[in-house]
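Beneath this line is the structure, given in structure tokens, with notes to follow.
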Amino acid sequence: MENRSYKYNVIRNARRRYTYRFIGACIFILCALPFIPFFMGYAKGHIITLILCGLLAAYGAYLFRYSFSNGMYDISFVFNEDDFTVKNKKGETVHFYSEITKLDHIVPDNENVYSIIHMVLNGESIIIPFTLKKSTCDTLYSFLMEKVTIEEIS
């Protein structure tokens, strides 16, 4: 039996991370500015404005924090015969095919644009996007289906 191994990289644009950080920081700073007069004792009648600014500032903080998440960095998948490895900015994790509880192949109406493989591993969702790489997606999905089916039978 041949030893097959597949490697697929999901490349993320660094400018996207920096844009999220910049927009999040700007929203947070601009929406937090109205709190300065409030804490100094002025602008007591603008409670609704302060509530809205507080919500927007929280959204800016969320955008800033989200820019540091795993989904914003490059992810590398290595599929071996017995297991597969997910490498991201936090390190690498090894998963076995027996851990896959759900495996989906999502193909839109215009299948030449993108395809997606969605896996659920013990409650953790992993989405692998394939932009303009339908044949690669089909090959990897058939390999995964074969491995998951073998694991379920044995």
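The values are calculated or read from the model by the stated rules, or taken from the named source; none is laboratory data. Model, not experiment: these values are computed from the prediction. Reconstructed Cβ throughout: ideal geometry from the backbone, glycine too, with neighbour counts over all protein chains shown. For accessibility, only protein heavy atoms count, side chains too; no ligands or nucleic acids. Shrake-Rupley method; radii C 1.70, N 1.55, O 1.52, S 1.80 Å.
Taking region 95-127 on its own, how many of its residues are open to solvent by 70 Å² or more (accessible area, probe 1.4 Å), of a type in the set (A, V, I, L, M, F, W, C) and over 14 Å from Leu140 (Cα atoms)?
Residues meeting the conditions: 1.
Hey, which of the helices (runs of 4 or more DSSP H) in region 35-154, taking only ones fully inside, have at least 3 residues that are among the small types (Gly, Ala, Ser)? Working first, answer last.
Numbers: elements: 35-39, 47-66, 134-153.
Once the helices (runs of 4 or more DSSP H) in region 35-154 are filtered for at least 3 residues that are among the small types (Gly, Ala, Ser), what remains is 47-66.
Any residue that is touching a residue at least 12 places away in the same chain (Cβ under 8 Å), surrounded by fewer than 11 Cβ atoms within 10 Å (Cβ to Cβ) and within 27 Å of Ile126 (Cα to Cα) - is there at least one of those in region 10-30?
Within region 10-30, one or more residues are touching a residue at least 12 places away in the same chain (Cβ under 8 Å), surrounded by fewer than 11 Cβ atoms within 10 Å (Cβ to Cβ) and within 27 Å of Ile126 (Cα to Cα).
Does Thr85 count as open to solvent by 60 Å² or more (accessible area, probe 1.4 Å) and touching a Phe, Trp or Tyr at 6+ places or on another chain (Cβ under 9 Å)?
no
Given the conditions (1) at pLDDT 90 or above; (2) farther than 23 Å from Phe130 by Cβ, report the number of the one that Ser98 does not fulfil.
Ser98 satisfies all of (1) at pLDDT 90 or above; (2) farther than 23 Å from Phe130 by Cβ except (1).
Which pairs turn up if I take residues in region 60-86 that are over 22 Å from Leu144 (Cα atoms) and look for partners that are open to solvent by less than 20 Å² (accessible area, probe 1.4 Å) and of a type outside the set (Asp, Glu) with beta carbon separation below 6 Å, at least 6 apart in sequence or on another chain?
Partner pairs satisfying both residue conditions: Gly60/Gly24; Leu63/Gly24; Phe64/Gly24.
Which condition breaks for Leu56 when tested against (1) open to solvent by 80 Å² or more (accessible area, probe 1.4 Å); (2) among the aliphatic types (A, V, I, L, M); (3) free of Cβ contacts under 8 Å to residues at least 24 places away in the same chain?
Against the list (1) open to solvent by 80 Å² or more (accessible area, probe 1.4 Å); (2) among the aliphatic types (A, V, I, L, M); (3) free of Cβ contacts under 8 Å to residues at least 24 places away in the same chain, Leu56 comes up short only on (3).
Can you pull out the residues in region 9-40 that are among the charged types (D, E, K, R) and at pLDDT below 90? Talk me through it step by step, then tell me what you get.
Of region 9-40, the ones among the charged types (D, E, K, R) are 12, 15-17, 21.
Across region 9-40, the qualifying residue is only Arg12.
From the list Tyr62, Tyr42, Tyr73, pick out the single residue that is farther than 26 Å from Phe143 by Cβ, among the aromatic types (Phe, Trp, Tyr) and under 25 Å from the mean Cα position of the chain (by Cα). Steps first, answer last, please.
Working: Tyr42 fails: under 25 Å from the mean Cα position of the chain (by Cα); Tyr73 fails: farther than 26 Å from Phe143 by Cβ.
Step by step, each of Tyr62, Tyr42, Tyr73 is checked, and only Tyr62 is farther than 26 Å from Phe143 by Cβ, among the aromatic types (Phe, Trp, Tyr) and under 25 Å from the mean Cα position of the chain (by Cα).
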